[in-house]
Every structure is written in structure tokens, then in C-alpha cells.
1. Could you run the Karplus curve 6.51 cos²θ - 1.76 cosθ + 1.60 with θ = phi - 60° over the stretch 64-76 and give me ³J(HN,Hα) per residue in whole Hz, x for Gly and Pro?
2. Net charge within 13 Å of Ala230 by Cβ-Cβ distance, Lys/Arg positive one each and Asp/Glu negative one each, not counting Ala230 itself?
3. Starting from the amide H of Val36, placed 1.01 Å from N in the peptide plane, find each other amide H under 5 Å away whose residue is 5 or more places distant or on another chain.
4. Could you please state, rounded to a whole Å, how far the C-alpha centre of the stretch 238-304 is from the C-alpha centre of the stretch 41-90?
5. Over the residues of the stretch 191-259, compute the C-alpha Rg and express it relative to 2.2 N^0.38 Å.
6. May I ask for the equivalent-ellipsoid semi-axes of the chain, computed as the square root of five times each C-alpha gyration tensor eigenvalue and listed largest first in whole Å?
7. Which far-off residues, 5 or more places away or on another chain, put their amide H under 5 Å from the one on Glu115, with H placed in the peptide plane?
8. Using only Cα atoms, what Kirkwood radius does the stretch 56-211 have, in angstroms?
Amino acid sequence: MADSLFADLAARSAGKEAKGNIWAEIEALSLHDLLVGQEAGGFGGSWKDAGVVFHAAGRHGLAIPVGETILARSWLSRMGVVLPSGPVGFILAEGMGGRQAHPHSPGDRRSLVLERRHWTLLSAEDGEIIASGRMTLDVDALHFEAALLRSCQIAGAMEGMLGLSVEHVIARVQFGKPLARLQAVQQQLAVLAEECAAVACASASACQAATYGDARFEIAAAKWRANRAAAISVDIAHQVHGAIGFTREYPLHRFSLQALKWRGEHGSEQYWAQWIGRFTLAARPIPLWHWLTARSDRLLEAEREALK
């Protein structure tokens with residue numbers, strides 16, 4: 001349902017049609033409360049569900065903050081706060097390389113600021129305080145959740161870039177034959193497809209881990225892999241498209257610019273590489289491969305138990 005809705009909303013946005021009811025359509029599916037428990041009136045979904053939605057939003061180049069709102073509402077719900085309807089961005093306290101924010105998009109009306117001791121809901125227009133309260137969640141844990149959101153979104157944006165690239169090289173004729181028949185272009189697209197598959201797999205695995213327990217290692221690995229792949233994929237997609245890829249009228253920038261922006265948020269490649277190294281050394285796995293496969297086996301067992 002989310003994929004179909006996002007495809008329709010993206011097409012309408014590209015056509016500059018009226019957008020006033022877009023958020024109402026998202027709330028009609030209860031997507032904004034996807035990670036809010038049923039006991040609190042929410043959808044009661046898991047991170048496996050959320051990962052699919054975040055990926056789809058990135059794949060369709062959706063400009064409105066669906067993922068950010070889902071997380072913000074989930075965080076407030078865990079603190080016993082009910083957030084009024086409507087989109088919202090968020091800003092997290094210092095951590096993972098600096099203060100992390102979701103830049104306002106035209107549909108944002110509010111911004112949730114989460115610091116170590118208190119939270120504040122601000123008007124995006126004038127900065128006026130709408131509500132505030134004591135922070136009862138671990139901000140560092142929220143950084144991990146925000147990093148997983150970005151990993152899934154990058155995976156979706158990369159898939160969007162791959163789709164546009166394949167369509168372009170099939171339609172574009174150069175030297176009397178389609179670009180798709182040039183070996184150099186085929187090799188570039190093969191690399192892009194590999195990067196897409198790797199990030200999609202890493203993000204889905206991290207969402208699975210987050211559904212059933214401690215997922216810090218899996219999230220760190222997914223965000224590191226997504227950050228690395230984003231730069232590679234943007235370069236390839238724009239090289240394949242040539243000059244047309246840089247024009248405002250062509251939709252490639254909706255995916256490439258977003259992927260690069262998300263890459264820089266909630267932990268850089270260097271940050272996550274260092275975190276993974278410290279975490280792994282602290283566990284002192286001998287041998288490393290057995291330690292990694294044991295984590296995967298525990299996830300599979302947890303999933304089997306949940307499905308019984």
C-alpha cells in the first residue's frame with residue numbers, strides 16, 4: 001500500500017498538481033503512527049515494517065518527511081506524549097559527529113528537538129515553543145534509529161538512481177546504438193546494481209535485528225555500507241546520464257542529492273568504521289567469522305520464536 005501511494009504522490013508532485021491533501025492520504029493509512037504501539041492508538045508495526053516504508057519513500061524520491069515523522073511520533077509516544085497530526089522534522093543532541101537535523105521541507109510545520117535532559121517541539125516557521133518536557137529516552141539510542149532510517153532511505157534512493165540509469169541507457173542512442181550496448185556502460189551499471197543490492201541487504205538485516213533485539217552492530221554496519229555506496233552510486237548515475245543528469249528538469253537530482261545529504265547525517269563512514277572496530281575488539285571474537293554468524297543465527301532463532 002505504501003509503495004503504491006508513494007508512487008502516486010511522487011508522480012503528482014512531479015506534475016506540479018495540488019499537494020494539499022498529500023499528508024492526509026499518508027495518515028489515512030496510519031503510516032505516521034507506524035512505530036507507535038497499538039495500546040497507544042498506533043499501527044503497532046515493527047522495524048521490519050518501517051524499513052519497507054523508509055526504503056519505498058527513498059525509491060520514489062518523496063520530498064515530504066514521512067520517515068522523520070514516523071520516528072518523531074514513535075519517540076514521543078514512548079515518553080507518553082501524543083503528537084498532533086501533521087508532518088514533523090527532528091533535531092538530535094550532539095553525537096555521532098555533531099548535532100543532527102532534518103532540514104525543513106515545505107510541508108514541515110514543526111521540529112522536535114531532542115536533547116539529553118529535555119525535549120522541545122518548535123514551530124518551523126518562527127521557532128515558537130509549542131510543547132516541551134523531560135527527556136526519558138537515551139539520545140544515543142535514538143541516533144542509532146535515525147541512522148537506520150537514513151540507511152533505508154539511501155537504499156531506496158540508490159534503487160531510484162539505478163532505475164533511471166537503466167531507462168536512460170536503453171533509450172539513449174550514441175554512435176548508432178543504444179548506450180546500453182556499450183561495454184563500459186554495462187560495467188558501470190553492474191557496479192551500481194551491486195551497490196544497490198548490498199545496501200538493501202544490509203539495511204533489511206539491520207531492521208530485522210532492530211525488531212528482535214540489540215541491533216547496534218547491524219545498524220552501524222548498514223550505515224557504513226550505505227554511506228560508502230551512496231558516493232559511488234551518485235558518481236556512476238551522473239556519469240551514465242551525462243549532462244542531462246545535472247538539469248533541474250530531470251528527476252535524477254531528487255535521488256542523488258538526497259542520498260548525499262543522508263550520507264552525511266547520523267554518522268560518517270569514518271565514525272561508523274571506528275565504532276565497528278571498537279565494538280568488535282571489545283567482544284574479542286575468536287574467530288571473527290564464528291562471532292558474526294552467531295549473531296545472525298540468534299536473529300533467525302528470535303524470528304522463529306516470534307512467529308510461533
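The values are calculated or read from the model by the stated rules, or taken from the named source; none is laboratory data. Here the structure is a predicted model, which is why all the values come from computation and not from measurement. Counting neighbours? That spans all protein chains shown, and the Cβs are built from the backbone with ideal geometry, glycine included. Just so you know, the surface numbers come from the protein's heavy atoms only, side chains and all, with ligands and any DNA or RNA stripped out. Shrake-Rupley method; radii C 1.70, N 1.55, O 1.52, S 1.80 Å.
1. 7, x, 5, x, 4, 5, 4, 5, 4, 5, 5, 4, 5
2. Taking every Cβ under 13 Å from that of Ala230, the sum is +1.
3. Correct list: Phe43, Gly44, Gly45.
4. If we compute the Cα centre of each part, the gap is 20 Å.
5. Numbers: Rg = 14.5 Å, N = 69, 2.2 N^0.38 = 11.0 Å.
So the stretch 191-259 has a normalised radius of gyration of 1.32.
6. Rounded to whole Å, the semi-axes are 32, 27, 18.
7. Thr120
8. Details: mean 1/r = 0.0562 Å⁻¹.
That comes to 17.8 Å for the stretch 56-211.
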